[in-house]
Amino acid sequence: MFILDDYGLPKLGATGLDGALSEEQGAVQDNLRRFAREVMRPAGRALDTLSAADSIAPGSPLWGYITAFRDAGILDMEALAGMSPAQKAQMVPLIFEELGWGDCGLGLLGLVQAFPAFAAYMSGDSELIERFGSSIGCWVGTQPERGSDLVDMDTTELHPGSRQGAGNLTAKIEGERVVFNGQTSAWVSGAPIAQAGYVFCQCDYGDGFWNAKGGMNYIAALVPFDLPGISKGQPLEKLGQRPLPQGQVFFDGVSIPQKYVVAGREQAYPAFLGALTFGNMEMAFTFTGVARAAFEHALAYVHERRQGGCALIEHQSVRLRLFDMWRKLEAARALARRVADYNFGPHGPHLLASITSKTYVTQAAFEVADEAVQLLGGNGLTREYPVEKLFRDARAALIEDGENNLLSLKGASYLSAWFKAGQ
Ligand SMILES: Cc1cc2nc3c(=O)[nH]c(=O)nc-3n(C[C@H](O)[C@H](O)[C@H](O)COP(=O)(O)OP(=O)(O)OC[C@H]3O[C@@H](n4cnc5c(N)ncnc54)[C@H](O)[C@@H]3O)c2cc1C
């Protein structure tokens, strides 16, 4: 049992029921919260009201944000690379929760725009670092006819007797060059402003696109967007995460040297899994931040707003609803961090772990934001109060980085395969 001398109010940090954060963790969290409050939230609110075209036009707050994000050194590749796995497991969740708390769309933009640069640095190749190391980037995966089929690359959810569609973006090896033709989906985050892409697509290595399992052969490559044959579609108008610009990229005979290939035939699938496993894990940190923002707004509001002769918080049913939000938030954060421990630990990483936290946390964030709207009554529906935007932002996350039902099916397939392997 606990022996207590004194019993006062709970000590809660910004991230709730945290035990002791180290001095370094506390400092990182404080700095990022300031950045999130002073830079991300005003930029995110302003961008949310602009048309998709205006939000990427010269003079848009987006550009100031991108500069501030880079100047603040938030995704300092060298610092992150120098951390031990245990440090990463602690630091990465803290960083992305604060960014999600500030503005999830802008936080995610900060991540995806670094994908090509990250791949270049990981290669250690000075030519790639020179070409892509400071580019604004994006991650090209989905195509108009390949959404969930991309996520289900290992075809565990394929209908019996069928095979995946050919898709809309292909690469072909032509001597020492790789040539791309086709288009991406309209959902590529950061595409409208990107100078380069980490492109993942079907590839003909000389023996066609399909493999024996009904899936496809793939390639992952870095593609500069200043090459002849690249063009872009209109930026996408969408519900939620509007500060995150999205759009199509078209490829018309775009030719790159084989040197820009990050992962060929055998390595392409693991490279994709690496990106999806990190992405799903990261989504859980970001949307813990969204859930926290919605909870905090609701907590403040129910102490201010009076109905039934008292502040809303004095009504017992309101207190129960608020506590349910809190519990979901704490459970979401705990699971997100547990998955970080697993993925950076000796048994990880694995997509099963990341799917577990991504699907749970985004659903929890959506439910918390939904209840926040409800607790604010009519005000919750207006743009004057932040919960309306948080609700839309959280809604998009149920589809982003893999639709949650499809991801859950894949999670179940992993569990079943693991169980059968032990029989
Ligand atoms: C905010 C946001 C950001 C994004 N960012 C990027 C990005 O940066 N880069 C990128 O490439 N893409 C990006 N995407 C695309 C995203 O990965 C896809 O939207 C997602 O994978 C779902 O694909 P889809 O929209 O084509 O839906 P579909 O695949 O058409 O799915 C529609 C419905 O059918 C169900 N379904 C599909 N297949 C199966 C099956 N085999 N079994 C059972 N049910 C099935 C799904 O569960 C879903 O409910 C983003 C999307 C969003 C919303």
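What follows is calculated from the coordinates using simple rules that are stated; it is not laboratory data. From a predicted model like this one, the values you see are computed outputs, not experimental measurements. Note: ideal-geometry Cβ built from the backbone for every residue, glycine included; neighbour counts use all protein chains shown.
Details
- On the basis of the beta-carbon distance and an R0 of 41 Å, K213 and H315 show a calculated FRET efficiency of 0.10.
- Beta bridge orientation in the chain: antiparallel %, DSSP, nearest 5: 80
- One decimal place: the segment Q374-E304 gains 23.7 nm when fully extended, by the rule 0.36 nm per residue minus the C-alpha distance.
- Listed residue (F391, L9, A268) projecting farthest to the positive dipole end of the chain, Cβ model: F391
- Positive dipole terminus of segment 135-263, leading residue within W187, W210, P235 (C-beta point charges): P235
- Taking the average, over residues, of other Cβ atoms within 10 Å as the packing measure, peptides 93-99, 248-254, 413-419 rank 93-99, 248-254, 413-419 from highest down.
- Separation in nanometres of the label points that stand 7 Å from Cα toward Cβ, at E157 and D18: 3.4
- Estimated FRET transfer efficiency (A53, E130; beta-carbon r; R0 30 Å; 0.05): 0.40
- Listed by chain and number, the lysines whose C-alpha is less than 28 Å from the C-alpha of K420, apart from same-chain residues fewer than 8 away, are K213, K358, K410.
- Only the Cβ atoms of Lys and Arg (+1) and of Asp and Glu (-1) were treated as charged; on that basis the dipole of segment 93-160 about its Cα centre amounts to roughly 180 debye.
- Cβ-based exposure ranking for K410, K358, in which fewest neighbours within 10 Å come first: K410, K358
- Take each peptide in 149-155, 341-347, count the other Cβ atoms within 10 Å of every residue, and average; sorted highest first, the result is 149-155, 341-347.
- Annotation for segment 231-283 versus segment 174-211: alpha-carbon center distance of 8 Å.
- Distance between the pseudo-spin-label points of A86 and I399 (7 Å out from Cα toward the beta carbon): 4.3 nm.
- Note on A79 and L4: the extension gain reaches 22.9 nm, defined as 0.36 nm multiplied by sequence separation minus the Cα-Cα distance.
- Candidates A294, A284, A119, ranked by Gaussian network fluctuation over the chain, Cα under 10 Å, top entry: A119
- Taking the Cα centre of the chain as origin and assigning +1 to Lys and Arg Cβ atoms and -1 to Asp and Glu Cβ atoms, the resulting dipole is close to 640 debye.
- Placing R0 at 25 angstrom, the Cβ-Cβ distance between E266 and S416 gives a FRET efficiency of 0.45 after rounding to 0.05.
- Peptides 47-57, 129-139 ordered by average Cβ neighbours within 10 Å, highest first: 129-139, 47-57
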